[in-house]
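**Q** Quick one: the structure is below, questions incoming.
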Protein chains: 2
Amino acid sequence: MDQSAADRVDFSKGDGIIPVVTQDFSNGRVLMVAYMNREAFEETVRTGRACYFSRSRNRLWRKGEESGNFQTVREIRLDCDADTILLRVDQNGDRAACHEGYESCFFRALADGAWSVSDERRVDPAKYGASYGHHQPAKADA
Amino acid sequence: MDQSAADRVDFSKGDGIIPVVTQDFSNGRVLMVAYMNREAFEETVRTGRACYFSRSRNRLWRKGEESGNFQTVREIRLDCDADTILLRVDQNGDRAACHEGYESCFFRALADGAWSVSDERRVDPAKYGASYGHHQPAKADA
């Protein structure tokens, strides 16, 4: 990749990691918020597949590596302060970005003062094996 | 508001503040990423207007308080880990969420290895006064 694209991203504020909003390219749904360090950003640009940095596992997290729910990058945007990334992606596999089997991690909405699940699951995450989703308490997983 | 809605949000991970993705209800555009503490969340729910917590000014930030670009909340969503909020809003005023006068803070896209501005400004932020936007180096402002 062009080194300068990563140079322009300000990874300094959050100890080298920045938040990433991932949005479905086709329907505009906000799928998840995850994090990238510089290495994850560069791999994402180079490969065209979303690669995050898992804060809980402290390593690169190639989205879909266990489940097949990988994300093909259609567009990468940077915010005014250069410290937040917006990925617009095609969500592949079972089209479930969330490790709980929903299209989006934001499957709960506030209604009448309480959170309620407003979406239907796309897949039973048990399909991906017993350990799936249990090793990343911090964020929706691969 | 119902106290339990705030009780379900996990403010503990980020020293009491959590990231918030704000999306335009009408067109699905991701407008900005900001932060809330519990007080900002409760005010947002109570008033129906987006209120964030400014990390740079260390105080509540009522979006639009200077510019009139306030946001009317249409829906509030919570992610699977209960530590990230999605606000779907009507963007009022000049419909410029970004303190640089753009509809969205994500006005730059990666093209051919470099970031380039892909949007048109909706307003010249000088309209809001000389000090506008200069006191919040960390995030897009009111």
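The values are calculated or read from the model by the stated rules, or taken from the named source; none is laboratory data. Being a predicted model, the structure only gives us computed values, none of them experimental. Cβ coordinates were reconstructed from backbone atoms using ideal geometry, including for glycine residues, and neighbour counts include every protein chain displayed. Just the protein is used for accessible areas: all its heavy atoms, side chains included, with ligands, DNA and RNA removed. Shrake-Rupley method; radii C 1.70, N 1.55, O 1.52, S 1.80 Å.
**Q** Consider B:Thr72 against the criteria (1) among the polar types (S, T, N, Q); (2) closer than 17 Å to A:Ala109 by Cβ; (3) in contact (Cβ under 8 Å) with a residue 60 or more places away in the chain: it satisfies all of them except one. Which criterion is unmet?
**A** For B:Thr72, the exception is condition (3).
**Q** Now for a different question. Keeping to the range B:112-142, report how many residues are at pLDDT 90 or above and within 9 Å of chain A (Cβ to nearest Cβ).
**A** So the count comes out to 5.
**Q** Only one of these is under 13 Å from the mean Cα position of the chain (by Cα) and free of Cβ contacts under 8 Å to residues at least 40 places away in the same chain: A:Ala40, A:Ala6. Name it.
**A** Going through A:Ala40, A:Ala6 in turn, just one is under 13 Å from the mean Cα position of the chain (by Cα) and free of Cβ contacts under 8 Å to residues at least 40 places away in the same chain: A:Ala40.
**Q** Here's something else I'd like to know. Please state which of the following conditions A:Val30 fails to meet, knowing it meets all the rest: (1) more than 14 Å from the chain's Cα centre (by Cα); (2) of a type in the set (A, V, I, L, M, F, W, C); (3) within 22 Å of B:Ala82 (Cα to Cα).
**A** Only one criterion in (1) more than 14 Å from the chain's Cα centre (by Cα); (2) of a type in the set (A, V, I, L, M, F, W, C); (3) within 22 Å of B:Ala82 (Cα to Cα) is unmet by A:Val30, namely (1).
**Q** Moving on. Could you check the range B:58-125 for strands (runs of 3 or more DSSP E) lying wholly inside it with 3 or more residues that are of a type outside the set (Lys, Arg) and under 17 Å from B:Phe41 (Cβ atoms)?
**A** B:71-78, B:85-91
**Q** Among the candidates A:Arg55, A:Arg59, A:Arg46, A:Arg8, single out the residue that is in contact with a strand residue (DSSP E or B) (Cβ under 7 Å, 6 or more places away or on another chain), over 16 Å from A:Asp81 (Cα atoms) and among the basic types (Lys, Arg).
**A** The match here is A:Arg55.
**Q** Please go through the range A:6-37 and pick out each residue that is facing another protein chain (nearest Cβ under 10 Å), polar (S, T, N, Q) and not in a strand (DSSP E or B).
**A** A:Asn27, the sole residue that qualifies.
**Q** Here's something else I'd like to know. Specify the residue that is most open to solvent (accessible area, probe 1.4 Å); the eligible residues are those in the range B:73-103 that are within 8 Å of chain A (Cβ to nearest Cβ) and under 22 Å from B:Asp124 (Cα atoms).
**A** B:Glu100
**Q** Provide a single number: the residues in the range A:43-57 that are part of a loop (DSSP other than H, G, I, E, B) and either free of Cβ contacts under 8 Å to residues at least 40 places away in the same chain or of a type in the set (Gly, Ala, Ser) (or both).
**A** Of the residues in the range A:43-57, 3 are part of a loop (DSSP other than H, G, I, E, B) and either free of Cβ contacts under 8 Å to residues at least 40 places away in the same chain or of a type in the set (Gly, Ala, Ser) (or both).
**Q** Does A:Ser118 satisfy being in contact with a Phe, Trp or Tyr (Cβ under 9 Å, 6 or more places away or on another chain) and among the hydroxyl-bearing types (Ser, Thr, Tyr)?
**A** yes
**Q** Has the range B:45-65 got at least one residue that is surrounded by 22 or more Cβ atoms within 10 Å (Cβ to Cβ), within 8 Å of chain A (Cβ to nearest Cβ) and within 12 Å of the chain's Cα centre (by Cα)?
**A** No, the range B:45-65 has no match at all.
**Q** If you check A:Asn69 against the conditions, is it more than 10 Å from chain B (Cβ to nearest Cβ), of a type outside the set (Asp, Glu), touching a Gly at 6+ places or on another chain (Cβ under 9 Å) and buried (at least 21 other Cβ atoms within 10 Å of the Cβ)?
**A** Judged against the criteria, A:Asn69 is a match.
**Q** Does B:Thr22 fit the bill of being touching a residue at least 60 places away in the same chain (Cβ under 8 Å) and among the β-branched types (Val, Ile, Thr)?
**A** So B:Thr22 fits the description; yes.
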